[in-house]
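**Q** Below is one structure. I have some questions about it.
Each value in this text was obtained by applying a stated rule to the coordinates, not by laboratory testing. These numbers were taken from a predicted model, which means no experiment stands behind them. Using ideal geometry, Cβ is built from the backbone for each residue, glycine included, and neighbour counts are taken over all protein chains shown.
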Amino acid sequence: GGSAEVACSLHLRQVADTFNEIDQYAIRAFAQALEDIPMALAENCGLSPMDEVANLKAKQVAEKNHFLGLDLMNIGGGATDMRTIGVFETLIGKKQQFQLASQVVKMILKIDDVITG
């Protein structure tokens, strides 16, 4: 799992370079947050999250295959093409997850602004 999140994270890191410094910081922070999902998946399976996600990112870049995700069905993990093991998510579902997460962050920031203001 986590192929979509890692692919989006890698793309956002490239896109961030086209923005000014302050916007770059926000985009890179969002890209980093996306990687928390595959890290949690790896950790919950007893794998080393940092190693697994780093290897997955490197493999996605090297093979230019954004379908590569963490193979959590095999002991020892590793990256594999999610299509070959039948792991799919709908675009609508993933889009709604990202939108909801972004809305929650906006609400938290507004509350923080009211409290500190």
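**Q** Select from GLN99, THR80, THR116 the residue farthest towards the positive end of the dipole of the range 73-117; place +1 on Cβ of Lys and Arg, -1 on Cβ of Asp and Glu, and compute about the Cα centre.
**A** Selected residue: GLN99.
**Q** Once both axes come from the Cα atoms, what is the angle between helix 21-34 and the longest principal axis of the chain, in degrees from 0 to 90, rounded to 10?
**A** Orientation of helix 21-34: about 40 degrees from the principal axis.
**Q** What angle do you read, to the nearest 10 degrees and between 0 and 90, between the alpha-carbon axis of helix 49-63 and the longest principal axis of the chain?
**A** So the inclination is approximately 80 degrees.
**Q** How much length would be gained if the chain were fully extended between LYS64 and ALA33, taking 0.36 nm per residue of separation minus their Cα-Cα distance, in nm to one decimal?
**A** 9.0 nm
**Q** Let me ask you something else. Based on DSSP H runs of at least 4 residues, each adding -39500 (n - 2.57), what is the mean residue ellipticity at 222 nm of the chain after dividing by all its residues, to the nearest 500 deg cm²/dmol?
**A** -22000 deg cm²/dmol
**Q** Please state the charge dipole magnitude for the chain, taken about the Cα centre, from unit charges on C-beta atoms (+1 on K and R, -1 on D and E), reported in debye and rounded to the nearest 20.
**A** The dipole of the chain has a size of about 320 debye.
**Q** Which cross-chain or sequence-distant (5 or more) residues have an amide H under 5 Å from the amide H of LEU68, H modelled 1.01 Å from N in plane?
**A** When sequence neighbours closer than 5 places are left aside, the close amide H contacts are MET82.
**Q** Expressed as an acute angle from 0 to 90° and rounded to the nearest 10, what is the orientation of the C-alpha long axis of helix 91-116 relative to the principal long axis of the chain?
**A** With rounding to tens, the tilt is 30 degrees.
**Q** Summing Lys, Arg as +1 and Asp, Glu as -1, what charge do residues with Cβ under 13 Å from the Cβ of ASP71 carry, ASP71 excluded?
**A** 0
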